[in-house]
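Here's the structure we're looking at; comments come further down.
Derivation of every value follows stated rules applied to the coordinates shown; laboratory data play no part. Predicted model only: the values in this text are computed from it and were never measured. Because the Cβ atoms are built from the backbone with ideal geometry, glycine has one as well, and the counts that use them run over all protein chains shown.
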Amino acid sequence: MKKKSVVAMILSLALTGAVLTGCGENSQSQQETQQGTRQETQQGTQQETRQGTRQETQQGTRQETQQGTQQETRQGTQQETRQETSAGATDTESTEKSAEMTAEYEDNFAVDSEAAKEFAGKVKEAAANKDLEALAALTAFPVYVGLPNVSVVESKEDFLKLDVEAVFTEELLKSIENADIENFQPSRAGFSISDGGTANINFGVVDGKLAINGINY
């Protein structure tokens, strides 16, 4: 009887140890599973986070690059357009001025009042400044100059040799200064810049262009 009791106790202890060992192994296995799960979750989360960050960074960079490129393109286009527009306007103005300078007329009656006024304004300016060079540039040679012992001046060089004070007399300067150039009326002789007195500067069409053709005192 005692032997059977001892054997039973040994078997009971062995079973208890096996159960405890199994529980320990199960507990360790659960811990390992939990650790593995946490590691995988953390790794997965970190990978996803890094991937998401890279993707967002790349997308943000592409968007910023595209926006920057679009803005630069629009700005460049606008600047080029403004420059082209400005250059076009300048070219147009230059063309118009060139056309005015090279305009040719059949006769004095073909000259409009605005063109006559513009030319007379240049003459008035040259006279006011007593600028013989500027006056010569507006003159067609040979030209009549009603000074004593002069009459006709054959060339620009001869005209520039004239005495400035002799050409720009007080009477002539006053007449040119007070002349009305707003309402020119063409005639066969051309146009006269005068205040109504005898001193005047006449101009008209010479070889298709406006030019001074006589100075009277």
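Where Lys and Arg each count +1 and Asp and Glu each count -1, what net charge lies around Tyr144 among other residues with Cβ under 14 Å from its Cβ?
-2
Lys and Arg at +1, Asp and Glu at -1: add these up for the other residues within a Cβ distance under 15 Å of Glu182 and post the number.
-4
Let me check I have the definition right: for the range 130-196, take the eigenvalues of the Cα gyration tensor, multiply each by 5, take square roots. What are those semi-axes in whole Å, largest first?
22, 15, 11
Check Thr139: other-chain or 5+ apart residues with amide H under 5 Å from its amide H, H built from backbone geometry?
Ile212
On each of the three principal axes of the Cα atoms of the range 157-215, give max minus min coordinate, whole Å, ordered largest first.
The Cα atoms of the range 157-215 stretch 31, 28, 16 Å along their principal axes.
With each pseudo-label sitting 7 Å past Cα toward Cβ, what's the Lys209-Glu114 distance in nm, one decimal?
Each label point is offset 7 Å from its Cα along the Cβ direction, giving 2.1 nm.
Can you give the net charge of the other residues whose Cβ lies under 15 Å from the Cβ of Gly197, counting K and R as +1 and D and E as -1?
For residues surrounding Gly197, the net value is -4.
Treating only the Cα positions of the range 104-217 as identical point scatterers, give the base-10 log of I(q)/I(0) from the Debye formula at each q in 0.11, 0.17, 0.21 Å⁻¹.
Values returned for q = 0.11, 0.17, 0.21 Å⁻¹ are -0.30, -0.76, -1.18.
Quick one: Karplus J couplings for the range 204-217, per residue in order, coefficients 6.51, -1.76, 1.60, θ = phi - 60°, nearest Hz, x for Gly and Pro?
Per residue, the Karplus-derived 3J(HN,Hα) values read x, 7, 10, 6, x, 10, 6, 7, 5, 10, x, 10, 10, 10 Hz.
For the range 150-217, what's the relative contact order in percent, using C-alpha pairs closer than 8 Å and at least 6 residues apart?
Relative contact order comes out at 22 percent.
Using 19 Å as the Cα-Cα cut-off, could you pick out the over-long pairs in Lys122/Lys161; Lys122/Lys209; Lys124/Lys174; Lys124/Lys161; Lys161/Lys209?
Lys122/Lys161; Lys124/Lys161; Lys161/Lys209
Efficiency by 1/(1 + (r/R0)^6): what FRET value for Asp131 and Glu182, r their Cβ-Cβ distance, R0 = 30 Å, to the nearest 0.05?
Between Asp131 and Glu182 the formula returns 0.85.
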